[in-house]
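The values are calculated or read from the model by the stated rules, or taken from the named source; none is laboratory data. Owing to the predicted nature of the structure, the values given are computational and were not obtained by experimental measurement. Positions of Cβ are backbone-derived with ideal geometry, glycine not excepted, and every protein chain shown enters the neighbour counts. All accessible areas refer to the heavy atoms of the entire protein, side chains included, with ligands and DNA or RNA removed. Shrake-Rupley method; radii C 1.70, N 1.55, O 1.52, S 1.80 Å.
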Amino acid sequence: MINLSNELITNIDLINKLISLFEKKNLPSSIIFSGPKGIGKATSAFYLVSKLLVNDPNKNYNKLIYSNTHPNVKYLVKEFDEKTGKHKNYISVNQIRKLDNFIYQSSFENLPKFIIIDSSDDLNNNSSNALLKILEEPKPNTFFIIISNQISSLLPTIRSRSINFNFNAPNIDEFEKILSMNDINEIDNFNFLYKFSNKSPGIALQINSDKLNNLYSTIINILKLNDELISDELIELSEYVKNFTIDE
């Protein structure tokens, strides 16, 4: 199951533009969704795919798409390593090469195919070059959506074969709405969370609200003390932030 909302709050005009391009048969075969981590690029990708595939109200394609079982949608992320209990460091070259089977198999009900790569930051040299090889020979009615948190890390040759769409971070009202949709309502200072997470609902959702309130109090105490900083509080703060920034 893909843990993403099927309701779109931000960048609605951009997604509508892409829908219009698809309807006019002008959607590029490879597009990049770029912007800071956690601002809704994956949510937007799945929303877009659902709108382009769900053209029959009598068929429950949405459920298949969001459960990651639709035969025409491939969602590529780092594989989970059962031995270590963690995700692998990279999307492997084998994962990219296996896309050939998906691309060249018969299309379900002659619908378009979509490959969502989340994210390009997780590609290494080998997997990047394997992806480039596929993009160099695009197949009709097959579309790549490449999610990128740092577009500078993406191979220039991949960028040159794709059209980049930059995503805006949510404003404070959109930010609060997204968090409320995820049952986070009792926050003392939404503005602090908004700034602390760099306007990223995805990052904010990773923060435990109790820990956030403690962190907020710690920062306020440190600021009040000026130069008379309590080392234990600084260590606690730095350790918390360090763990928070690690990609789980």
For this session: Using a cut-off of 15 Å between beta-carbons, work out the net charge of the residues near Asn164 (Lys and Arg +1, Asp and Glu -1, Asn164 not included).
Result: +3
Exercise. How far is it, in nm, from the label point at Ser67 to the one at Ile172 when both lie 7 Å from their Cα along the line to the Cβ?
Worked result: 4.2
Problem set entry | FRET efficiency, Leu155 to Glu109 (Cβ-Cβ, R0 30 Å, nearest 0.05) | 0.35
Exercise. What is the packing order of peptides 20-30, 86-96, 123-133, taking the mean over residues of other C-beta atoms within 10 Å and listing the highest first?
Worked result: 123-133, 86-96, 20-30
Exercise. Using a probe of 1.4 angstrom, how much of the accessible area of the stretch 1-97 is carbon and sulfur, in percent?
Worked result: 47
For this session: Determine, from the Cβ-Cβ distance of Asn198 and Lys139 and an R0 of 45 Å, the FRET efficiency 1/(1 + (r/R0)^6), rounded to the nearest 0.05.
Result: 0.75
Problem set entry | the stretch 68-171: C-alpha gyration tensor shape, a/c 1.5 cut-off, then a/b vs b/c | rounded
Exercise. Which of rounded, prolate, oblate describes the stretch 94-148, given a ≥ b ≥ c as roots of the alpha-carbon gyration tensor eigenvalues and a/c under 1.5 marking rounded, otherwise prolate only if a/b is larger than b/c?
Worked result: prolate
Exercise. Where the accessible area of the stretch 106-200 is counted over protein heavy atoms with a 1.4 Å probe, how much of it, in %, is carbon and sulfur?
Worked result: 42
Problem set entry | Whole-number accessible area per residue in Å² for the stretch 8-102, which is evaluated in the context of all protein chains at 1.4 Å | 53
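Using 18 Å as the Cα-Cα cut-off, could you pick out the over-long pairs in Lys37/Lys133; Lys25/Lys98; Lys74/Lys98; Lys25/Lys139; Lys41/Lys133?
Among Lys37/Lys133; Lys25/Lys98; Lys74/Lys98; Lys25/Lys139; Lys41/Lys133, the Cα-Cα distance tops 18 Å for Lys37/Lys133; Lys25/Lys98; Lys41/Lys133.
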Exercise. Which whole number in µm²/s is D for the stretch 79-118 by Stokes-Einstein, with the Kirkwood Rh taken over Cα pairs at 4 °C and 1.567 mPa s?
Worked result: 106
